[in-house]
1. Using alpha carbon coordinates only, what is the Rg to Rh ratio of the protein assembly as shown, with Rh defined as the Kirkwood radius?
2. Longer than 30 Å from Cα to Cα, which of A:Lys73/A:Lys226; A:Lys150/B:Lys68; A:Lys73/B:Lys39; A:Lys73/A:Lys281 are they? Say none if no pair is.
3. Cα convex hull of region A:251-359: mean projected area in nm², to one decimal?
4. Accessible area, 1.4 Å probe, largest first: how do B:Thr102, A:Thr330 sort?
5. Sorted by accessible area (1.4 Å probe), largest first, how do A:Asp336, B:Asp66 line up?
6. Which of the listed residues, A:Val312, A:Ala292, A:Ala216, is farthest toward the dipole's positive end in region A:214-342, when Lys, Arg count +1 and Asp, Glu count -1 at the beta-carbon?
7. Please compute P(r) over all alpha-carbon pairs of region A:60-196, binned at 10 Å starting from zero, and give each bin as a whole-number percent.
8. What distance in nm separates the two pseudo spin-label positions at A:Ser214 and A:Glu57, each 7 Å out from Cα along the beta-carbon direction?
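The values are calculated or read from the model by the stated rules, or taken from the named source; none is laboratory data. Bear in mind that the values here come from a model prediction, so they are computed numbers and not experimental data. When we count neighbours, we look across all protein chains shown, and the Cβ atoms used for this are built from the backbone with ideal geometry, even at glycine. Please note that ligands, DNA and RNA were not included when accessible areas were found on the heavy atoms of the full protein model with its side chains. Shrake-Rupley method; radii C 1.70, N 1.55, O 1.52, S 1.80 Å.
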Amino acid sequence: MNDIKKTLSGWCVAGFAGIYCMMSALPLFASTVLDGQMVFKAGHASLQHWLLPVTPESPDDNQPTAARIALGKQLFFDPRLSGDSNMSCASCHHPSLGWGDALPTGRGAKSEMLARATPTVINTGYNPIQMWDGRKKTLEEQALGPITAKQEMNMDLTVLLDFLKTNTGYQQAFADAYAGQPLTPELVAKAIASYERTVISRNSDFDRWVQGDSKAMNAQQVRGFKLFVDPNKGNCSVCHSAPNFTDNGFHNLGLASFGEENPDLGRYSEKPIRMMKGAFKTPTLREITRTAPYFHDGSAKTLDAVMTHYIVGGVVKTNVSPNLKALTLTAQESADIIAFLQALESPFVEVTLPQLPLH
Amino acid sequence: MKSLKFFTLIVCLSSVSVTTSLCAEVFEVGQKNKAFTQKALVIKVGDTVSFKNEDAFFHNVFSLSDAKLFDLGSYPQGVARDVTFDAPGEVEVECAVHPDMTMTITVQ
Ligand SMILES: [Cu+2]
């Protein structure tokens, strides 16, 4: 019963347990200048800044080990980490649903509707800032947020520690993973973060095309990529920049929901700068075909709807990002960009659910 | 770092009652490739820093530091906006759009 296998798609489970991902590590760096000089030929040197490093960097005090990743995986899938013992991290960040929940906005404790869409876990390890409003930097800082939030997993940390400390299986797992360190909430977060950093997508058709496989993307997808980076066409990479298809920045996209009464102010609650009213963090586009619906409010069901939004240049212009402008794209060009986005999907890999210690 | 461009020397006042002359300088700090061209800058009270956007997209330079509170808003490539620092202290300068962009100005 514990070896339930799920066929999961699209990401390379890196690290110790998993699949071997090749390719040398490349530094993450700003790429806009480089984008201007790209040659659109498979494997060309000018494209290499789009490749992700083999593994995300981990903090010095939480270097990944097999034991830490395995423990983190148990915690990630364990519903007993929630107040009602019925929700795990995976309830919303479901591996079968692109490590999201396929809902417009998440559902928390007692199925209460949450304000924002569940972000995917995929490639968050590569990002220096977490959450739609960027209020957490590292995955270690982030992990306890949803566990303790009243509207989400609604777990009391004292109760959580009590549970883990009286469970011999977990005691052993913590001793194996973090020998000599007292079991604290921070340690729980560290283990979960270690696991999350193995949820990686960097083996897509696009990646293989960048690495030199000219057959990995078809002609339409190459055209789509060209349009994607062209500031006078798709203008997408101005924010969805290399290599993780995000600038880790904040933009108001002019979504209809910002025109409603008392709109979600997003980043403004963290940085009270006018431009940040209604601005949210740029999400990665890797595995985008598996993470619908789109936008922080889940208001776009399809990639077509997303393209329509950007072609118009946003509907509520009150505080819209100046980086956003109405696009002159033909229907064919819009379809080309969507075809390119489909090339950001990686092949299926199997994820095995962990055995959870009952006592 | 050593290539601090202080391109203009606008004002240079000497005063008989003050032993040193008061020289207000203008420093230029660019925003290029999603980074500030300088990570740290030491200036004097009364000096001005001109923040120039050298990227093909918008930045939004601001500071919430006690020593100097300002929000330059967002502006495109080629445009510069100036801030004069009128009190001593450490000023943490950030870009609202790109949180990775930070620098420190020490006003003496
Ligand atoms: Cu910026």
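1. Numbers: Rg = 24.2 Å, Rh = 24.0 Å.
A ratio of 1.01.
2. Details: A:Lys73/A:Lys226 39 Å; A:Lys150/B:Lys68 38 Å; A:Lys73/B:Lys39 39 Å; A:Lys73/A:Lys281 26 Å.
Going by Cα-Cα distance, A:Lys73/A:Lys226; A:Lys150/B:Lys68; A:Lys73/B:Lys39 fall outside the 30 Å limit.
3. On the way: hull surface 42.0 nm².
That works out to 10.5 nm².
4. Values: B:Thr102 40, A:Thr330 75 Å².
So the residues, ranked largest to smallest area, are A:Thr330, B:Thr102.
5. Numbers: A:Asp336 5, B:Asp66 165 Å².
Output order, biggest surface exposure first: B:Asp66, A:Asp336.
6. Result: A:Ala216.
7. 12, 45, 34, 8, 0
8. For A:Ser214 paired with A:Glu57, the spin-label model returns 3.7 nm.
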